[in-house]
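One structure below.
The values are calculated or read from the model by the stated rules, or taken from the named source; none is laboratory data. This structure is a prediction, so every number in the text was calculated from the model and none was measured. Using ideal geometry, Cβ is built from the backbone for each residue, glycine included, and neighbour counts are taken over all protein chains shown.
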Amino acid sequence: MSLPFQPLPPRPVRRVRTALWASALAVTGWTAAVAAPVTFVFTSDVHFGINRGNFRGAANVESRVVNAAMLEAINAVPAAVLPADGGLNAGRPVGPVDFVVITGDLVNRQELYPIHIQSAAVSWGQFAACYVDGLALHDATGRPTPLLLVPGNHDVSNAIGSPSKLVPARDATSLIGIYNRMMRPALPRTTATYAYPADRIQYSRDFGGVHCVFLSIWPDRAARAWMESDLQAVPAGEPVFIFCHDPPEGDARHFTNPNGAHDINDRDKFENVIADVYADGVVASVGGKPDGPTTIEQRAFAAFLKAHPNITGYFHGHSNWTEFYTWPGPDGDLSLSVFRSDSPMKGKVSGKDETKLAFQVVVFDAAQRKLTARECLWNTSAAAGPLAWGQTRTVSLAAP
């Protein structure tokens, strides 16, 4: 049984793996030692606590069963051979995996209706037993591959309450679990001491000449202020990736309620998981939830991206299917490479066709200023079978 918090050794601010350094790259405004290409696995929205309609010939299959099958596939990735698609490392075995990232909704909301979903505490225990204890990969140094996590709106709603009825009304276990593992506080948070949003989950790691930033939900005002400080130590030419739950445009219902006391209630139905108060005016209700434009919010994020053109990659979940796309920003004057993940439990496409269940295997090379993302189809037949490759996209990491 996994402990809710397992202390990790302190991390140097700018950690690098000197054994892998291969060359020196001179870029305008940036001269840095660059490591060998980096490989990581990306997925999202694993939603422990709910069932999948159909999976491998069975109906109403628990999330822990489906996720155990996906983890088995992830653990098999190093032996898989990448497709001959012209991308980075094409035609070669994947080999070591430098990190695995899951961008939120590790557990489902503990809702009472339409069926009672188990508590966040139970779901977090299942998540930890699967991914924390079961991940069996190693990086290029031979060390255990780090598992990097950010929360989704379900993780946060369990901790702070929700417009829908939860039982129990609040359970911060999964959010605390993410915070303690990723933020490594000197004094681990407990249900009595954790406070959202003051205890924000936002951190960064360096891999192979790329600075990776991990944020709660979406790059709101507070996250951008933190990134502004964090990026001061990053050379202007070094690529930066953002990993978070929501897509670049955000989700109106996730912002803080603009009405009355700005609280969470079953009338306005704002979730208050993003610190910024929703600023775009009255929203329509779709399926009983707020739905409206996020133009003002997007413009604030777009201005930040323009001030930091070395942010060249954005990875997210929330609305789930495999998609590699370019985000133009609210005014069509940006070109941000974005990567959307499928979900093993709530995929828009894979929810109806289990042969489309996928995670992504991503390779980037700072020396070549390139990234290749590949869709890894891990359940291509009703019976467990070999991994297969779907969509592929190679993008430039050079600032526009």
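Points to keep in mind about this one:
- Meets criteria (out of contact with any helix residue (DSSP H, G or I) (no Cβ under 9 Å at 6 or more places or on another chain) and either surrounded by 15 or more Cβ atoms within 10 Å (Cβ to Cβ) or without any contact (Cβ under 8 Å) to a residue 12 or more places away in the chain (or both)) for ARG299: no
- Residue in region 309-321 that is under 30 Å from ALA68 (Cα atoms) and without any contact (Cβ under 8 Å) to a residue 40 or more places away in the chain present: yes
- Any chance TYR179 is of a type outside the set (Lys, Arg) and over 20 Å from the mean Cα position of the chain (by Cα): no
- Restricting attention to region 215-229, the residues being surrounded by fewer than 21 Cβ atoms within 10 Å (Cβ to Cβ) and either under 18 Å from the mean Cα position of the chain (by Cα) or closer than 22 Å to ASN272 by Cα (or both) number 5.
- Any hit, region 171-185, residues being modelled with pLDDT under 95 and assigned to a loop (DSSP other than H, G, I, E, B): no
- Among the residues of region 162-199, just one is of a type in the set (D, E, K, R), crowded, with 19+ Cβ neighbours inside 10 Å and within 30 Å of VAL362 (Cα to Cα), namely ARG181.
- Complete set of residues in region 374-400 that are under 22 Å from the mean Cα position of the chain (by Cα) and either surrounded by 24 or more Cβ atoms within 10 Å (Cβ to Cβ) or of a type outside the set (A, V, I, L, M) (or both): ARG374, GLU375, CYS376, TRP378, ASN379, TRP389, GLY390, GLN391, THR392, ARG393, THR394, SER396
- CYS212 meets all of the listed conditions (1) in contact with a Lys or Arg (Cβ under 9 Å, 6 or more places away or on another chain); (2) part of a helix (DSSP H, G or I); (3) not aromatic (Phe, Trp, Tyr) but one, namely (2).
Listed here are the residues, each with its yes/no results for (1) at positive phi; (2) surrounded by fewer than 20 Cβ atoms within 10 Å (Cβ to Cβ); (3) assigned to a loop (DSSP other than H, G, I, E, B); (4) touching a Ser or Thr at 6+ places or on another chain (Cβ under 8 Å).
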site: ARG267; (1), (2), (3), (4): no, yes, yes, no
site: GLY281; (1), (2), (3), (4): yes, yes, yes, no
site: PRO290; (1), (2), (3), (4): no, no, no, no
site: PRO309; (1), (2), (3), (4): no, yes, yes, no
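- Considering only residues in region 55-64 that are more than 21 Å from the chain's Cα centre (by Cα) and modelled with pLDDT of 95 or more, the one that is surrounded by the most Cβ atoms within 10 Å (Cβ to Cβ) turns out to be PHE55.
- When region 192-212 is filtered for residues that are in contact (Cβ under 8 Å) with a residue 60 or more places away in the chain and either in contact with a Cys (Cβ under 9 Å, 6 or more places away or on another chain) or of a type outside the set (A, V, I, L, M, F, W, C) (or both), the ones remaining, listed by number, are PRO197, ARG205, ASP206, GLY208, GLY209.
- Unmet criterion (only one of (1) basic (Lys, Arg); (2) surrounded by fewer than 20 Cβ atoms within 10 Å (Cβ to Cβ); (3) more than 30 Å from PRO293 (Cβ to Cβ)) for LYS352: (3)
- On inspection, ALA366 passes the criterion of being over 19 Å from the mean Cα position of the chain (by Cα) and buried (at least 21 other Cβ atoms within 10 Å of the Cβ).
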